[in-house]
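Report on the structure given below.
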Amino acid sequence: MSGQTFRDSDTVDFVIVGSGAAGGVVARELAQRGLTVVVLEQGPRIAPQTRMHDELKDWYLGEITNDVVKNPQTFRSAADKDPALQKFKPALWYGRAVGGGSLHYTANFWRLHEIDFVERSALGAIHGTGFADWPISYADLEPYYTKVEWEIGVSGLAGASPFDPPRTRPYPMPPLPVKSSGVLFERGARMLGLHPFPAPMAINSEPYRGRASCVHCGFCHGLPCEVLAKASTLTTVIPEAEATGRCEVRADSYVSRIEVNRQGRVTGVSYFDRERRERMQRARAVVVSANGAETPRLLLMSASPQFPNGLANSSGLVGKYLMFNCVSRAVGVFEHELNEYKSVQVTRVLHDFYDSDPKRGFYGGGGLDARIGPQPTTWAIRTATEGPAWGSAFKARLKEFPRTMQVAAHCTSLAVESNNITLDPNLKDAWGLPAIRVTYKDHPDDLATARFLQDRGAEILDAAGALRVTKAPVTEQTSSVHLLGTCRMGNDPKTSVVDRFHRSHEVPNLFICDGSSMVTSGRGQPTMTIQALAFRAGEHIAGFAKRGEI
Amino acid sequence: MDSANFSRRSLLQAIAAVMATAAAPVGWAEMALAFDQAHAAHGSGERRLSWLKETEAADIKAVAAQIIPTDDSPGALEAGVVYFIDRALGTFFSQLASDYRAQLATFQAGYLARYPAARSFASLTSEQQVEWLKGVDDTPFFTTTHLLTLLGMFTLPTYGGNRDHIGWKLIGFEDTHAFYPPFGHYDRDYPGFAIETAKIK
């Protein structure tokens, strides 16, 4: 950690709210270009090396994610339903620690395809949705996808998927070793004429940029990587930002409000420090990278007489168009052991069903991958939802853990205005700030896509020789880790919150960059795109600052 | 204990394997040792209740033992799940505690109405227990007990359950800090990924 610190009274060039996948990248891009930066992170700074494969702590006690007691949320499926307090697990699950979600993600790093950016033009409007093109193209983002792969570190095999969008460089590391699930998936898919390929993962398959390679411990999903082989911003770009001597990452600093002056320009942010004292950090500009839930919440909490609907919200779209990515899975049990609890989650993927196909009768597409998903506790909890939940039959099923895999489908979510983040009018968090209220109901086309892909997954398992294949019921989602679309990019201030460079249409020195910027959901695995957007945003925002255009 | 020796041996093997590659992270051997020591806790310590009353614990223990029964292998009873539940409600899941106590009282009133002579749920025959639970397995009491039983069975023994790694042994989960390929039967003779030359589109 660098010793650089700033005082609240110092007016730094930028305050960045959030140190996750996007905030960490933007911090480095600004600091390396000579700008002073304070990153405020609501959670602590942990040492991943001291972690102990403690599922309870990381999955259920919210040590580095939401603590349901301190950071409560409510969930409802529609505005006319009563919101329910989430007492055990929060509806929205995200990192609250330096590194944010990049600490606990699975590290699947697919790029979006060219079609994702222009799908609305290609397919036409979809009634009752905010389906729209992006204001940027795949070609605009390609250099930054490459940057993510090389600067963050992604293992993969260029050219392995015939559906891959164009790329300018190969991956910096070869794919991780295949697991039994990957071999079976590849075998089954090829028998069906499909095109499986080695999964691109932000996990080192060999030592890279000072970080070790994966030791295949099997605890990537939901937990920080103890050997730092899984890339998090905590262990990649943040130390690089700090090494410039111009960036301070202030942990346990919970931003409650973005402050504006009479001219409608941002002057800094108010926040609670570790001792819950209210402080204000002054800055020439603010970048909000707090994730697709906390970003709109902060803008809504920053309402003032000048901005009665929330800051940067003249469009009324802050918090709207929340997208989760719809999901489904088919489960297969095989004769011999796969031992899927070992190593990284995913080693094979396929994108044959990525594009939407009007012949299916509904909008949507997705990717399939081979995995098991859970570690022991989650295995037990999930298994109970897919068959006998207790008794001898349940116990017998639990024993099939080493012989079980699943094909998971990662699908589109349509942008629907009634899916959103609002401030709960009745519930406050431990700091006295309004709790997040989530309203969400999957669009029928999203569920149809998830079911369609689940059937394809089941066919692959059958073809691979599974003794038994089951399809877990596809139901409306009530929780997610993908938080997308809530401050969407666009050229028109009436239909978007930020412009193509992530500058808010309404407040010239306020920028927003994270999952909330995404216009469509992609097909799951959003972090790669969030980081590409962040590299691009950082470069442009630094340019604006240098040219006096902020 | 055999499993402890086995675990120690696999740890040393894992350290040797990682060190033999160029991949060893700085300080990895120390990390692995610390990890091993933490995981060596077999939950043999506390068997006293701190939050649940004995009568409550007896019923919860009986319900947990129906969720993961003891048959040809140990179940929730032997894994000490009730001690995990006791600790959870008294400490890290205290937000669930008051609701849970009330739910338990409702559960108890229910079976006592059906079996007025019962001294406790545990005093019913196993068949009676199963029959009763089938009728209430969608109630909040059962749902919470079920969840806590699974967590107690399969999470780290340091939280009071999963004694002697009974849960992990049941599902064939090997508790080691590192693995190397091949991981399972099907990736043993994998020939390598062949890129298909036929281009789609």
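Just so you know, all these numbers are worked out from the coordinates, no wet-lab data involved. Computed from a predicted model, the values in this text were never measured in an experiment. Note: ideal-geometry Cβ built from the backbone for every residue, glycine included; neighbour counts use all protein chains shown.
Projecting each Cα onto the charge dipole of the stretch A:300-379 (Lys/Arg +1, Asp/Glu -1 at the beta carbon, about the Cα centre), which of A:T377, A:Y321, A:V344 comes out farthest on the positive side?
Farthest towards the positive end: A:Y321.
What is the antiparallel percent of DSSP beta bridges lying wholly in the protein assembly as shown, to the nearest 5?
65
Using label points projected 7 Å from each Cα along Cα→Cβ, tell me how many nm separate B:F92 and A:L427, to one decimal.
Those two pseudo-labels are separated by 2.2 nm.
Please arrange A:H502, A:H195 by counting, for each residue, the other beta carbons lying within 10 Å of its beta carbon, fewest first.
On the way: A:H502 27, A:H195 19.
Listing A:H502, A:H195 from fewest to most nearby Cβ atoms yields A:H195, A:H502.
Sum up the charges of everything whose Cβ sits under 11 Å from the Cβ of A:N204, counting Lys and Arg as +1 and Asp and Glu as -1, but leave A:N204 out.
+2
Arrange the following residues from fewest to most other Cβ atoms within 10 Å of their Cβ: A:F6, A:F452, A:F109.
Sorted ascending by nearby Cβ count, the order is A:F6, A:F452, A:F109.
What shape does the stretch B:124-189 take by its C-alpha gyration tensor, where a ≥ b ≥ c are the square roots of the eigenvalues and a/c under 1.5 counts as rounded, a/b above b/c as prolate, and the rest as oblate?
Because a/c hits 1.5 or more and a/b exceeds b/c, the stretch B:124-189 counts as prolate.
Within chain A, which DSSP H helices have Cα atoms that stretch 30 Å or more along the helix axis and a mean Kyte-Doolittle hydropathy of at least -1.0? Show your work: numbers first, answer last.
Numbers: long enough: none.
Helix filter hits for chain A: none.
With a/c under 1.5 counting as rounded, go ahead and sort the stretch A:339-441 into rounded, prolate or oblate using the C-alpha gyration tensor (a ≥ b ≥ c being the square roots of the eigenvalues; past the cut-off, prolate if a/b is larger than b/c, else oblate).
In terms of gyration-tensor shape, oblate.
For chain A, calculate the relative contact order in percent as a whole number, restricting contacts to Cα pairs under 8 Å that are 6 or more residues apart.
This gives 23 percent for chain A.
Check which residues have an amide H placed less than 5 Å from A:V39's amide H, if you skip close sequence neighbours.
A:I16, A:E248, A:V249, A:R250
Find, among the GluC sites (Glu not before Pro) in the stretch A:231-294, those assigned to loop by DSSP (not H, G, I, E, B) with at most 12 other beta-carbon atoms within 10 angstrom. Write out the running numbers ahead of the final one.
Values: sites: A:E240, A:E242, A:E248, A:E259, A:E275, A:E278, A:E294; in loops: A:E275.
In loop regions of the stretch A:231-294 (DSSP not H, G, I, E or B), the sparsely surrounded GluC sites (Glu not before Pro) are A:E275.
For chain A, list the cysteines whose Cβ sits under 4.7 Å from no other cysteine Cβ?
Unpaired cysteines in chain A: A:C214, A:C217, A:C220, A:C225, A:C247, A:C487, A:C513.
Hey, how many Å between the Cα centroid of the stretch A:401-477 and the Cα centroid of the stretch A:318-352?
The two parts, judged by their Cα centres, are 11 Å apart.
Measure up A:K471/B:K169; A:K399/A:K471; B:K53/B:K134 against 22 Å on the Cα-Cα distance and list the ones that go over.
A:K471/B:K169; B:K53/B:K134, as the Cα separations exceed 22 Å there.
What ³J(HN,Hα) values, in whole Hz, does the Karplus curve 6.51 cos²θ - 1.76 cosθ + 1.60 give for the stretch B:107-118 when θ = phi - 60°, with x put for Gly and Pro?
Rounded to whole hertz, the list is 4, 5, 4, x, 6, 5, 5, 7, 10, x, 7, 5.
Taking the alpha-carbon distance from A:K428 and a cut-off under 25 Å, which lysines remain once sequence neighbours fewer than 8 residues away in the same chain are dropped?
A:K428 reaches A:K57, A:K70, A:K81, A:K87, A:K89, A:K320, A:K441.
Using the 10 angstrom Cβ neighbour count as an exposure proxy, how do B:W28, A:W431 rank, fewest first?
The order, fewest Cβ neighbours first, is A:W431, B:W28.
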